[in-house]
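Let me begin by presenting the structure, written as structure tokens, before commenting on it.
All of the numbers you see were taken from the coordinates with simple rules; none came from a lab. Here the structure is a predicted model, which is why all the values come from computation and not from measurement. As a convention, Cβ positions derive from the backbone with ideal geometry for all residues, glycine included, and neighbour counts pool all protein chains shown.
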Amino acid sequence: MSDPPPATPVIRPYLFFDERRPKRTWMPALEAINERFAQYCRAALLQQLQPPLEVKPQFAIEVVKQAEFLDRLPAPSHLTLVALKPLSGTILIAAEPDLVGIIVESRFGGSGRLPIAAVPNREFAPIEQQAMSRVIVRLLDQLAAAWRPVATIMPEIVRFETKPAFAAIAASTDLIIVNNFEVKVANGSGTLTIAIPYQLLHPLHDRLMAGDAERTAAGDEAWSEDLRVGVAAAVVPLNVELAAIEMTVRDFLSLRPGSVFEIARPDSVTVQAHNVPLFRGRWGRHGRKIAVRVEARLPAAPSERGPIVNGSENNDAG
């Protein structure tokens, strides 16, 4: 009696994103993108907002239906619909009301010590919309830079909304990948959310699931970025000598309030920083203020000392 033939194996398709999907998903490359975006975002916001400032990604990336995601967005929220060319589709960047309030307050010198109570279902004032739109434009540049190791994207703002019902980026039952970032500005904080339709990322699925994604060297790059931002924000006093005249000591001692002496207007003036000439320009008026229009950058002055040879200075002595 012969043995029965072995059963033919059956290939059963398995859909990772079905109704029984987990609420969390693991995408190593996307997590690395979020880390980079948080660092770049902090550096960009430091140029517009008051320190201290901190941006942290929530590493638990969520996958939810769009209807569920929109239902939990507070109203009003600052919602920005963004196209990611050349990918087909639109993403949503949502800033909750508390975050909008602290960003606007910080842009005008506040510290968030007295939190602003959010009024449900109100419209944002024009000054709030303008301040947030400028911040979002800067963040989109950082988003493109964070995605560059995986794909080249060109974010383009489609429109702004305040009511979640008007901010749909997919069908109500479609799946949305939700990336949350905690933003702390001075004494206030809030959540910035980037929602991406799963279908939009389908062409990049293999890259996002790859385990060898390039991760940022947090220590060195964060230090380098902070150093770059700090140097760029350093204050350098500039001096301009508009005119110089000669007079005798007798005339100088005879000066009194109301005395008048004539000066010749120079054709050009030199802008200096710590006695180092940097620019050449013309002086005149800008509104009610005296101003200098820079026309040329001066070459670096050669060092008065000779070159260093074998650890000693060569002063042309021999």
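One table, with the values for the structure above:
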{"item": "Rh by Kirkwood over Cα pairs, then Stokes-Einstein D for the stretch 239-301 at 0.692 mPa s and 37 °C, µm²/s", "result": "236 µm²/s"}
{"item": "Neighbour-count ranking [beta-carbon atoms within 10 angstrom, fewest first] of Ser77, Ser172", "result": "Ser172, Ser77"}
{"item": "Net charge, Gln142 excluded, C-beta distance under 10 Å - Lys, Arg +1, Asp, Glu -1", "result": "+2"}
{"item": "Set of lysines near Lys184 by C-alpha distance (under 17 Å), chain-local residues within fewer than 8 positions excluded", "result": "Lys56"}
{"item": "Footprinting exposure proxy for Glu182, Glu161 (fewest neighbouring C-beta atoms within 10 Å first)", "result": "Glu182, Glu161"}
{"item": "Separation in nanometres of the label points that stand 7 Å from Cα toward Cβ, at Ser268 and Arg285", "result": "2.5 nm"}
{"item": "Distance between modelled label sites at Ala243 and Leu255, nm, 7 Å Cα→Cβ extension", "result": "1.2 nm"}
{"item": "Net length gained if the chain between Arg293 and Thr152 were fully extended (0.36 nm per residue, minus Cα distance)", "result": "46.9 nm"}
{"item": "Length gained when the stretch Ala233-Lys85 is fully extended (0.36 nm per residue, less Cα-Cα span)", "result": "50.0 nm"}
{"item": "Per-residue Cβ neighbour rank within 10 angstrom, fewest leading, Phe166, Phe124", "result": "Phe166, Phe124"}
{"item": "Filtered chymotrypsin sites (Phe, Trp or Tyr not before Pro), the stretch 25-79: DSSP coil and at most 13 other beta carbons within 10 Å", "result": "Trp26, Phe59"}
{"item": "Local electrostatic count at Pro57 - Lys and Arg +1, Asp and Glu -1, tallied over other residues with Cβ under 10 Å", "result": "-1"}
{"item": "Size of the stretch 32-84 as Cα extents on the principal axes (Å, biggest first)", "result": "35, 28, 23"}
